[in-house]
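Read-outs throughout are calculated quantities, based only on the coordinates presented, and are distinct from any laboratory measurement. Note that this is a predicted model, so its numbers are computed, not measured. All Cβ positions, glycine included, derive from the backbone under ideal geometry; neighbour counts span all protein chains shown.
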Amino acid sequence: MSPTAITGILGIDHVGIAVPDLSAALAFYESAFNGRLLHQEENPEQGVIEAMVALGDGSGALIQLLAPLTPESTIARFIERSGPGIQQLAFRVTDVEQAASQARALGMRTLYESPKRGTNGARINFLHPKDCGGVLIELIESSQSA
């Protein structure tokens, strides 16, 4: 039986924002919005250096700042084409493989055949923006136990 929706969505995990300069963007979110850096890492496979930032008490969705590691990275091309700004919306899921399979059954393309490594060891895949109303959707299965 074909799914009628993607199941196992737990909520919005984060909003990804493409930035040309991670340090400047982090300073902005820390000073303007009392943001708090939770985690920062380089992800060479994805071609980014990223920072996860919490706002308020940290119980809500996070902001992920994404800066390019190389001029050829996906984020560098995004900034060149669209300028800095919102690049993706990430949904936390219980099982990224199941969610991706259900998305494919619903006619949505995934960017990867199988999950890749994301921030802090999470397993991720993306749904093509042309199949999601123009929004790049990230499916993220956290490596952290709930």
| Can you name the helices of the chain, as whole DSSP H runs, whose Cα span along the helix axis is 15 Å or more and whose Kyte-Doolittle mean is not below 0.0? | 22-33
| Which order do 57, 21 fall in if you start with the one that has the fewest other Cβ atoms within 10 Å? | 57, 21
| said: What does the extension gain come out to for residue 109 and residue 36, with contour length at 0.36 nm per residue minus their alpha carbon separation? | reply: 22.9 nm
| said: Can you give me the C-alpha center-to-center distance between the range 103-146 and the range 58-78, rounded to a whole angstrom? | reply: 15
| task | Using only C-alpha atoms and all pairs of different ones, pull out the Kirkwood radius for the chain in Å with one decimal. | result | 15.7
| field | nm² value of the averaged projected area, convex hull over the Cα atoms of the range 1-45 | value | 5.8
| query | In whole percent, what relative contact order does the range 9-141 give with Cα contacts below 8 Å and a gap of six or more residues? | reply | 26
| remark: Quick shape check on the range 87-146: root eigenvalues a ≥ b ≥ c of the Cα gyration tensor, a/c under 1.5 is rounded, otherwise prolate if a/b tops b/c, else oblate, and it reads prolate
